[in-house]
Structure formats: C-alpha cells, structure tokens
Amino acid sequence: MRQRLLFALGHQPATTSQLAAQLDAKKGNVAHHLKVLREAALVHITETRQVRGGTEQYYQRTARQMVVAEPQAAGTAAMLAAVAQELDHSPVDTHLTLRHLRLSPAKARELGETLAQLVDEAEEDADDQPVHGVLVALYQQALPTSTTSSA
C-alpha cells in the first residue's frame, strides 16, 4: 500500500479521500500508511483547507524519484505491481523491454551510471504536460542452480 501511495503521490498532491478512491482502499488504511510515510519523511503536507467543519490535508511525495538502495523481494514485488498497474491504466502505448546482456563488472557499472545519469538529467516540461513513469533496473542474474534427478 505504501508503494502504491508513493506512486500515486508522484503525480500531484492528493487528500486521503482522493487516494482511497484512486487506489480502491479504505480511508482508515490509507490514513494509517500516510502517517507512516510522513513519519519517515517520504511524504509531506503541501496544503490544508477547511471543508465542512473539518480540515482537508493534501499530501505529496517529498522526493522526485524513488531509489531502492537494497531491494528485497517483497518490496520489489510491490513496486513492480504498482508499475504494472500504472502500465495497465496508461492511456497511450507504453514501452517495456527486458534484455539480458553479458557484461563485465566494469561495463555493468558503466551502464548503470549512464542509465542513472539519463534519468537524473531528463528535463521536464511544463506542469500541464502528461506525467510519464521511468523504471530503470540493472541487476545481475543469479546463476541457475543445478538439479540432479535420479530417474
């Protein structure tokens, strides 16, 4: 849920109610996870408004991009599921490619640095333009485990 909230808040500020409707989740659940994300300084309140005797708070992600320093299976699965959901709802054709390359450690490091630089230096257009997601992953494939069977 926290991954999904972070993705949703990358587009524009939103209230708990708006996020609950967008993510098809209960407001109490969304509010709890927003509190955890706020305590971790991953989201912040950008605006408050008085509405029908209450206060409406708009949340936004604090970082322009999310970098997962030490990915673990559960977190990676959640992030990829959130990306899959965004791809599924995209109003235009998307680009998704997986390619395996044989690279020396030095070339893999160089490719990783180049990809990170491309993403970091990408210039954004005006706020009225559509938001596009960019997911970059470079990883070394695990060696296949040998299986011996006695047939």
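The values are calculated or read from the model by the stated rules, or taken from the named source; none is laboratory data. The shown structure was predicted, so the numbers you read here are calculated from the model rather than taken from an experiment. Note that we place each Cβ from the backbone using ideal geometry, even for glycine, and neighbour counts take in every protein chain shown. Quick note on the areas: whole protein, heavy atoms, side chains included, nothing else; ligands and nucleic acids left out. Shrake-Rupley method; radii C 1.70, N 1.55, O 1.52, S 1.80 Å.
Summary table below
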{"read-out": "Prolate/oblate/rounded label for the stretch 86-127 (Cα gyration tensor, a/c 1.5)", "value": "oblate"}
{"read-out": "For the stretch 102-115, 3J(HN,Hα) per residue [Karplus equation, 6.51 cos²θ - 1.76 cosθ + 1.60, θ = phi - 60°, Hz, x = Gly/Pro]", "value": "8, 9, 5, x, 5, 5, 5, 4, 5, 4, x, 5, 5, 4"}
{"read-out": "Residue-count net charge about Glu113 - beta-carbon cut-off 15 Å; Lys, Arg +1, Asp, Glu -1", "value": "-1"}
{"read-out": "Label-zone membership for the stretch 1-36, site Ile45, 7 angstrom Cα→C-beta point, backbone N under 12 Å", "value": "16, 35"}
{"read-out": "Amide proton proximity set for Leu138, modelled H, under 5 Å, gap of 5+", "value": "none"}
{"read-out": "Spin-label model distance (nm) - Ala63 vs His11, 7 Å beyond Cα toward Cβ", "value": "2.2 nm"}
{"read-out": "Cα→Cβ-extended label distance, 7 Å offset, between Arg52 and Val134, nm", "value": "4.1 nm"}
{"read-out": "Globularity ratio of the stretch 1-87, using Cα Rg and 2.2 N^0.38 Å", "value": "1.10"}
{"read-out": "Trypsin sites (Lys or Arg not before Pro) restricted to DSSP loop in the stretch 30-76 with at most 16 other C-beta within 10 Å", "value": "Arg52, Arg64"}
{"read-out": "Accessible area expressed per residue, the chain, with surrounding protein chains retained (probe 1.4 Å, Å²)", "value": "82 Å²"}
{"read-out": "Cα-centred dipole magnitude for the chain, charges only on beta-carbon of K, R (+1) and D, E (-1), debye, nearest 20", "value": "740 debye"}
{"read-out": "Order by protection proxy (mean Cβ within 10 Å, highest first), peptides 124-135, 70-81", "value": "70-81, 124-135"}
{"read-out": "Approximate spin-label separation Leu101-Ala84, in nm, with each point projected 7 Å along Cα-to-Cβ", "value": "2.6 nm"}
{"read-out": "Relative contact order for the chain, counting Cα pairs under 8 Å that sit 6 or more residues apart, in percent", "value": "19 percent"}
{"read-out": "Helix-only CD estimate at 222 nm, as mean residue ellipticity for the chain, using -39500 (n - 2.57) per DSSP H run (n ≥ 4)", "value": "-13000 deg cm²/dmol"}
{"read-out": "Accessible-area composition of the chain, carbon plus sulfur, in percent [1.4 Å probe]", "value": "51 percent"}
{"read-out": "Amide H within-cut-off set for Tyr59, under 5 Å, with H built and near neighbours excluded", "value": "Ala14, Thr15, Thr46"}
{"read-out": "The stretch 78-151-the stretch 19-70 distance, computed between alpha-carbon centres (Å)", "value": "26 Å"}
{"read-out": "Positive-end residue, the chain charge dipole about Cα centroid, Cβ charges, pick of Ala21, Ala31, Ser90", "value": "Ala31"}
{"read-out": "From the coordinates shown, percent of Cα pairs over 20 Å apart corresponds to which of (1) 70; (2) 54; (3) 61", "value": "(3)"}
